[in-house]
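Peer 1: Got a structure here, written out as structure tokens. Questions coming.
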Number of protein chains: 4
Amino acid sequence: MKWKTEVSSSGENAVVRGEPLEKVMEMQFADAIWLVLKGEKPSNKESEIFNTVLSSSIDHGVGNPSTVSSRTVQSGGNGMNTSVAAGIMALGDSHGGAVEEAMKILQSEKSPENIVEDYLRRGERLPGLGHKVYSEEDPRAERILEKAEELGLAGRSVEKMLSIRRELARQKVELVLNVDGAIAAVMSDLNWSHQLGKGFFIIARTPGLVAHVHEETGEKPFRRQEGEYIDRE
Amino acid sequence: MKWKTEVSSSGENAVVRGEPLEKVMEMQFADAIWLVLKGEKPSNKESEIFNTVLSSSIDHGVGNPSTVSSRTVQSGGNGMNTSVAAGIMALGDSHGGAVEEAMKILQSEKSPENIVEDYLRRGERLPGLGHKVYSEEDPRAERILEKAEELGLAGRSVEKMLSIRRELARQKVELVLNVDGAIAAVMSDLNWSHQLGKGFFIIARTPGLVAHVHEETGEKPFRRQEGEYIDRE
Amino acid sequence: MKWKTEVSSSGENAVVRGEPLEKVMEMQFADAIWLVLKGEKPSNKESEIFNTVLSSSIDHGVGNPSTVSSRTVQSGGNGMNTSVAAGIMALGDSHGGAVEEAMKILQSEKSPENIVEDYLRRGERLPGLGHKVYSEEDPRAERILEKAEELGLAGRSVEKMLSIRRELARQKVELVLNVDGAIAAVMSDLNWSHQLGKGFFIIARTPGLVAHVHEETGEKPFRRQEGEYIDRE
Amino acid sequence: MKWKTEVSSSGENAVVRGEPLEKVMEMQFADAIWLVLKGEKPSNKESEIFNTVLSSSIDHGVGNPSTVSSRTVQSGGNGMNTSVAAGIMALGDSHGGAVEEAMKILQSEKSPENIVEDYLRRGERLPGLGHKVYSEEDPRAERILEKAEELGLAGRSVEKMLSIRRELARQKVELVLNVDGAIAAVMSDLNWSHQLGKGFFIIARTPGLVAHVHEETGEKPFRRQEGEYIDRE
């Protein structure tokens, strides 16, 4: 079986999405990411907001599941690749999944009213709304929306996300728009498929995981945690 | 057990390496990567060469082990996080390892002469030298060195890498400086620890793996490859 | 945070599910697996059929996604743990998933008639039925059912699986009961939760993956596969 | 590229190491593991001690790195395959590595005296000796050696392991023979390559990891751990 791809080629005339690798080397890394994922180059404005979105998610403390996984696997006596991979594996449906889920509802045909009704009926939390710490506004979310507005990139998905928020306030409770919701809205207005929602979160967070694994490499191996055995009988 | 870190914090006053997250959001993604890994911001010149290094490694065809692993794991019926992780796992000692190995010898106290002697005695290939396709020069390696020179960032590691090449030519065979060798030399001159050599290759390649997994998601599941059973008797 | 578990403890009076580790050491491995997963010991008859089920899935050629993933990751220059893990990761919804899916429908309240209707309406294949090679009968499936009958362990799930097969024949097409269907039926009659369906397949296949990784360790590193770049334009 | 293997084949006349799959199904699981790894069937005595070795390592509390990794990755919202794989990944050089390392020195040509000297000179701990809890004797180690003696399977590796212990007592300190040392000695006397030392530990522990992931599936997702950010300045 021969593998076929539209992504890139290797060897003498190597290309990425049709662009010669020599030219890709002249691109900003964020622009090259856009190219390899979407098959086209971003405009200057798209590049600016994309850098903001990626940088906003680069790392977020040591206690979340992906960081704990990466550092724990390193402490078992493993190298960089295995340890970073363990952190990325932790990024399942409950961890970094809100962006993808919010993109999915924003890109659906459903109205804000119906979306809110569906979630409330199922007793689930709406993705992109609510924050443990911020009750008035999430400054990172505000900054992303602000920048999208300034650059003229905010469109119907930003509008729809804000409508969902208002609709939830009307039907049940007022919640802050959080950074996941802002990213989901802006990325949807930039025509990114929700299928790549988890993908760009992985790209954004990988440098943070590398930093944590590097730090953990200087610690003693074999981190043992406290555990308690409960006899069922 | 409480985890401790100098990398970042989460919550209301979240920081990355002491820098408020709101300010990190204003940084180019490549600069934020530099910050999270090194604990300081790059200069404009450092930023420029770092973007080149990252973009140069973003993807390189479909047939290498990391891409095959990612796509194969996706075809078993898995999501983005698990599939990308499988590709990163493949980046072991034999895949993307030349940069780290070359950084290690460049950052050692050993002279080019002794380094070449050691490798020849052990019958091993020197990292960073030789290319399957290019016999005269590797254009990507040349471009990276050229840019490092233009920016005034080339230093003793670039010089040492070139000495190793000359020394190998003197002792045994003339080989081209390849892109791994150029990256290793430049990153060493930028004071990056060889312990992060594999790390930034992982960061650079993750977007390519995301693109391949996304493409594979559109293919039929369960890629079966041709195999042959050999009876030992 | 302290972890709590009913599975096992370590240290001086270590137990597995309440059983002292010294006594677990006197158990057959398959019985110890049953104990750790179900919290009780199997009867002799349960032990016999469980050994058959596990041994039947221990390995199955070199070309499937899990084996290819494990061997490819090893060829990137990785050790046993990382390489075996990559193979297990490939065991997603499309690979070894039929047992779990079949257990789910067998353990549901739905009638065979409704189950078949639902699958045909959605245009999906019924799990546990059909085989690429066998059109009359799958000898492994027959042997598992036969043994379950002999041991008096076949019950309503085996009956339901056979009813689903007859129902599909009535509504559309006659297909052979395959080994996944036989395992799913027998494990359901042994009161195993479908949530463990993928779990015991993983347990059964891990030794095969270890054998493949060991074999691959003797091969040249960096397996490159043939790939073709398709220019989209 | 066609994959070649001596391990197994699939399809109508599927075999494992030359043995028809129908016959493998009649084997105890531990015997089938022996077959797939070594290419031959165990004797009754070999089977008995192998079951003891595997069962002794099936699980060992909740706080070690592999269990923490598996449960943490599950809590990020992942399925059985990804979560179990994360636990296996944690089984690096510092976790379950003592068996492999002890097998390596037992299978080397070096004398007990030289082995102990080498470790003491490098300031490293000898694998297979010492225990946090037991100072007189490790009952599991004793049981394994006892059983090997009873079955007539203890040979020169058991003898060498005990000599290493005496030699360490003579040169520096008296330490108990632990379970890793006993397993390493017995497996070496059973002619297992040290290259498979980590492999059979992975096989033995996978059921425990499946049990932990299953238990964790019933817990709330996204386990956050306590972390503290340290400002470097």
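The values are calculated or read from the model by the stated rules, or taken from the named source; none is laboratory data. Everything numeric in this text was worked out from a predicted model, so none of it was measured. With ideal geometry, Cβ positions are generated from the backbone for all residues, glycine too; neighbour counts draw on all protein chains shown. Keep in mind that these areas ignore ligands, DNA and RNA; they rest on the heavy atoms of the full protein, side chains included. Shrake-Rupley method; radii C 1.70, N 1.55, O 1.52, S 1.80 Å.
Peer 1: Roughly how large, in nm² to one decimal, is the mean projection of the convex hull of the alpha-carbon atoms in chain C?
Peer 2: 18.9 nm²
Peer 1: Would you calculate a helix-derived [θ] at 222 nm for chain C, using -39,500 (n - 2.57) for each DSSP H run of n ≥ 4 and dividing by the full residue count, to the nearest 500?
Peer 2: -17000 deg cm²/dmol
Peer 1: Quick one: if the Förster radius is 51 Å, what FRET efficiency do residue D:137 and residue A:151 give, using the C-beta to C-beta distance and rounding to 0.05?
Peer 2: That pair, residue D:137 with residue A:151, gives E of 0.10.
Peer 1: Using the Karplus equation 6.51 cos²θ - 1.76 cosθ + 1.60 (θ = phi - 60°), what ³J(HN,Hα) coupling, rounded to whole Hz, does each residue of region A:117-122 give in order, writing x for Gly and Pro?
Peer 2: Result, rounded to whole Hz: 4, 4, 5, 5, 4, 7.
Peer 1: Viscosity 0.692 mPa s, temperature 37 °C: what is the translational diffusion coefficient of region A:176-221 from Stokes-Einstein with a Kirkwood Rh over Cα pairs, rounded to a whole number of µm²/s?
Peer 2: 260 µm²/s
Peer 1: For the pairs C:38/D:38; C:45/C:147; C:220/D:4; A:104/A:198, flag any whose C-alpha to C-alpha distance is greater than 20 Å.
Peer 2: Over 20 Å Cα-Cα: C:38/D:38.
Peer 1: Can you give me the long-range amide H partners of residue D:4? Hydrogens built in the peptide plane at 1.01 Å from N, cutoff under 5 Å, separation of 5 or more residues or another chain.
Peer 2: Amide H neighbours of residue D:4, under 5 Å, 5+ apart: B:228.
Peer 1: Can you run phi through the Karplus equation (6.51, -1.76, 1.60; θ = phi - 60°) for region A:73-83 and list ³J(HN,Hα) in whole Hz, with x for Gly and Pro?
Peer 2: Along region A:73-83, the couplings run 5, 4, 5, x, x, 10, x, 4, 5, 5, 5 Hz.
Peer 1: Could you give the dipole magnitude of the protein assembly as shown about its Cα centre, charging the beta-carbon of Lys and Arg +1 and that of Asp and Glu -1, in debye to the nearest 20?
Peer 2: The dipole of the protein assembly as shown has a size of about 0 debye.
Peer 1: Against the globular-protein guess of 2.2 N^0.38 Å, express the Cα radius of gyration of region C:30-127 as a ratio, rounded to two decimals.
Peer 2: Relative to the 2.2 N^0.38 Å estimate, region C:30-127 comes out at 1.41.
Peer 1: Heavy atoms only, 1.4 Å probe, whole protein assembly: order D:198, A:132 by accessible area, highest first.
Peer 2: Ranked list, largest accessible area first: A:132, D:198.
Peer 1: Which order, highest average first, do C:177-183, A:180-186 follow once you tally other Cβ atoms within 10 Å for each residue and take the mean per peptide?
Peer 2: For the peptides C:177-183, A:180-186, the packing ranking is A:180-186, C:177-183.
Peer 1: Given D:177, D:11, D:129, which one lies farthest toward the positive end of the charge dipole of chain D, if we put +1 on the Cβ of every Lys and Arg and -1 on the Cβ of every Asp and Glu?
Peer 2: D:11
Peer 1: Per-residue Cβ counts within 10 Å, from other chains only, averaged over C:41-53: what number is that?
Peer 2: 2
Peer 1: While we're on this one: Can you give me the C-alpha center-to-center distance between region B:69-125 and region D:36-106, rounded to a whole angstrom?
Peer 2: If you average the Cα positions of each part, the centres end up 26 Å apart.
Peer 1: A further question follows. Let me know the charge dipole size of chain D about its Cα centre in debye, to the nearest 20, where only the beta-carbon of Lys, Arg (+1) and Asp, Glu (-1) is charged.
Peer 2: Using Cβ point charges on Lys, Arg, Asp and Glu, chain D gives about 420 debye.
Peer 1: Of D:154, D:82, D:119, which is farthest on the positive side of the dipole of region D:30-167, counting Cα position, with +1 on Lys and Arg Cβ, -1 on Asp and Glu Cβ, and the Cα centre as origin?
Peer 2: Looking along the dipole axis, the top candidate is D:82.
Peer 1: Give me the Kirkwood hydrodynamic radius of the protein assembly as shown, using the inverse of the mean 1/r over all pairs of distinct Cα atoms, in Å to one decimal.
Peer 2: Roughly 29.1 Å, rounded to one decimal.
Peer 1: To continue, here is another question. Using +1 at the Cβ of each Lys and Arg and -1 at the Cβ of each Asp and Glu in region B:1-149, identify which of B:57, B:70, B:21 lies farthest towards the dipole's positive end.
Peer 2: It is B:70.
Peer 1: While we're looking at this one, here's another question. If each of residue A:224 and residue B:122 carries a label point 7 Å out from its Cα toward its Cβ, how far apart are those two points in nm?
Peer 2: Label-label distance for residue A:224 and residue B:122, simple model: 3.5 nm.
Peer 1: If the label for residue A:142 sits 7 angstrom from Cα along the Cα-to-Cβ line, what are its distances to the same label in every other copy, in nm to one decimal, shortest first?
Peer 2: 5.4, 6.9, 7.4
Peer 1: Per residue of B:192-199, count partner chain C-beta atoms within 10 Å of its C-beta, then hand back the mean as an integer.
Peer 2: So the per-residue partner count for this stretch is 4.
Peer 1: Moving to a separate point now. Just counting partner chain Cβ atoms within 10 Å, what average do the residues of peptide A:129-141 show around their Cβ?
Peer 2: The mean count of partner-chain Cβ atoms within 10 Å per residue comes to 2.
Peer 1: In whole Hz, what ³J(HN,Hα) sequence does region C:213-228 give by Karplus (6.51, -1.76, 1.60; θ = phi - 60°), x for Gly and Pro?
Peer 2: In residue order, the calculated couplings are 5, 4, 5, 5, 4, x, 8, 5, x, 6, 6, 9, 9, 6, x, 10 Hz.
Peer 1: Got the residue C:226 label distances to the other copies yet, label 7 Å along Cα→Cβ, in nm, shortest first?
Peer 2: Distances between equivalent label points, in nm: 0.7, 6.0, 6.0.
Peer 1: Further question on the same structure: Over all directions, the average projected area of the alpha-carbon convex hull for region B:1-68 comes to how many nm²?
Peer 2: Across all orientations, region B:1-68 yields a mean hull projection of 7.1 nm².
Peer 1: Indicate the gyration tensor shape class of region D:82-146 (rounded, prolate or oblate), computed on the Cα atoms with a ≥ b ≥ c the square roots of the eigenvalues: a/c under 1.5 is rounded; otherwise a/b larger than b/c is prolate and the rest oblate.
Peer 2: oblate
Peer 1: Given R₀ = 56 Å, FRET efficiency for residue B:43-residue C:231 by Cβ-Cβ distance, to 0.05?
Peer 2: Between residue B:43 and residue C:231 the formula returns 0.90.
Peer 1: Sticking with this one: Please sort C:17-26, C:221-230 by packing, taking for each peptide the average over its residues of neighbouring beta carbons within 10 angstrom, highest first.
Peer 2: Sorting C:17-26, C:221-230 by mean packing, highest first, produces C:17-26, C:221-230.
Peer 1: Moving on to the next point. Kirkwood Rh over alpha-carbon pairs of region A:104-177, then Stokes-Einstein at 10 °C and 1.306 mPa s: what D in µm² s⁻¹, rounded to an integer?
Peer 2: 122 µm²/s
Peer 1: State to the nearest 20 debye the size of the charge dipole of region A:63-143 about its Cα centre, where the only charges are +1 on K and R beta carbons and -1 on D and E beta carbons.
Peer 2: Using Cβ point charges on Lys, Arg, Asp and Glu, region A:63-143 gives about 400 debye.
Peer 1: Send over a whole-number figure in Å² for the accessible area per residue of region B:85-214, probe 1.4 Å.
Peer 2: Counting only protein heavy atoms, the per-residue value for region B:85-214 is 40 Å².
Peer 1: List the residue from chain B whose beta-carbon is nearest to the axis that rotates chain B onto chain D, together with that distance in whole Å.
Peer 2: With distances in whole Å, chain B gives B:82, 2.
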